[in-house]
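Step one of this worksheet: look at the structure below.
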Ligand code: PMP
């Protein structure tokens, strides 16, 4: 029987070196405390639930079907037979893995086709796809900026951008969420003694469902000789009349943005990340960005799925209109019932601000028990008093389903005890 070794190594077998434990890792104590709290409050964890099929407007978890608001399948393209067919055909032709970095024999024609289509969407000279959206931001920002530089970014920017900023060693200056005046002030102050400057925003914020005033940020970047980078993870397929993104929605020349970034994992129903930009930047990244050069090429099937999704998005703009209609319908209905939808523009992401993390978790659990799958967003992802349920709407949801979700939300809210109401 193996002796159990604790952190102090007290049970270490005689003669063996003491094993070093992991208890002093950052966040380990908070995580343990949270686990205890969840157990003591008897809240069923909403995390890591396995879905037994395609997660669309509905999904099967265990053996039961749920109304689903927790997947980024904005235009219902994951599961579309044309997308699945494109992926299957690519597997048949190339197998599953490209078996190498693209630089050294992992290149496949589908990479070029997808990159050309993405570049065309943003009217950019070129584009580059990588194996993960998160890794794209980390490696591109981390590689682009250096210790003498400054990165000014929205305080609500995605973790992948802040991780990239950390990696770069640049000075990192967050500005108040979606406040372009604050961005201007921070940039003006930071610019005095910095080398290069990067301004990073999202086209559609994933926690709040609001959008920036793009033209203002373009102006700030120009005025201060900075690069503007826009993360379109939640905007492609969502914003603009035909889903081309924030530039289409706000009638801004896409050439005004220096670096468009996005992911293949949301509207495009694949997996991976992209950059669309000038040819000089793309060529430099293609030959030098560590997360691209030293990582395997995007699996061809994922590229084929993303390309087919982009084609369907372009050929069937009714999906985008339906998504926008659905999200507005849901947001307005929730508001009419007295729920706080925060800053949501009703475009695809609608938070229901609930107050404390415990309350958000309890509400999510009560909704799950009533057949609706919606995830709570809790501290530290958002401030403790701004915990929320986050609804991802899709073009596939029907008005009946959206109305039912609001009814269930009201019912679940009423089921919580008064203490939890204020908790
Ligand atoms: N940027 C933003 C704004 C995101 O929300 C996400 C993922 N949720 C990413 C980047 C990372 O993309 P992926 O999940 O495709 O790695």
- Note on the structure: Most exposed to least, judged by fewest other Cβ atoms within 10 Å, 266, 18 sort to 18, 266
- Taking the Cα-to-Cβ direction at residue 166 and at residue 117 and moving 7 Å from each Cα, how far apart do the two end points lie in nm? 3.5 nm
- Message: Which of 43, 377, 110 has the fewest other C-beta atoms within 10 Å, and how do the rest follow up to the most?
- Response: 43, 377, 110
- Item | Cβ-Cβ FRET estimate between residue 294 and residue 89, R0 fixed at 25 Å, reported to 0.05 | 0.30
- Item | Paired Rg and Dmax values of the stretch 307-423, which use every Cα atom, in angstrom | 15.2, 51
- Just for the stretch 82-315, what percent of DSSP beta bridges are antiparallel, to the closest 5? 40 percent
- Would you look at the GNM of the chain, springs on alpha carbons closer than 10 Å, and say which of 389, 285, 33 moves the most? 33
- Message: Sort 179, 208 by Cβ crowding within 10 Å, fewest neighbours at the top.
- Response: 179, 208
- Message: Counting only helical runs of four or more DSSP H residues, what would the 222 nm mean residue ellipticity of the chain come to if each run contributes -39,500 (n - 2.57) and the total is spread over all its residues?
- Response: -12500 deg cm²/dmol
- A correct Stokes-Einstein calculation for the stretch 127-249, using the alpha-carbon Kirkwood radius, 20 °C and 1.002 mPa s, returns a whole-number D in µm² s⁻¹ of 148 µm²/s
- Note on the structure: If the chain between residue 104 and residue 34 were fully extended at 0.36 nm per residue, the gain over the current Cα-Cα distance would be 20.7 nm
- Task: Quick one, can you get me the convex hull of the C-alpha atoms of the stretch 82-315 expressed as volume per residue in Å³?
- Result: 103 Å³
- Message: Can you say what percent of the DSSP beta bridges in the chain, counting only those with both residues inside, are antiparallel? Round to 5.
- Response: 55 percent
- Note on the structure: Evaluated at 4 °C and 1.567 mPa s, the Stokes-Einstein D of the chain based on the Kirkwood radius over Cα pairs, in µm²/s, stands at 56 µm²/s
- Please give the FRET efficiency for residue 45 paired with residue 251, using the beta carbon to beta carbon distance and R0 = 51 Å, rounded to the nearest 0.05. 0.70
- Label points 7 Å out from Cα along the Cβ direction at residue 314 and residue 196: separation in nm? 3.0 nm
- Task: Would you mind pulling out the separation of the Cα centroids of the stretch 90-111 and the stretch 144-190, in Å?
- Result: 35 Å
- Out of every Cα-Cα pair in the stretch 262-311, what percent are more than 11 Å apart? 70 percent
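The numbers here are math on the coordinates, done by the rules we state, and not lab data. Since the model is a prediction, treat every value here as computed from it, not as a measurement. Positions of Cβ are generated from backbone atoms using ideal geometry, with glycine treated the same way; all protein chains shown enter the neighbour counts.
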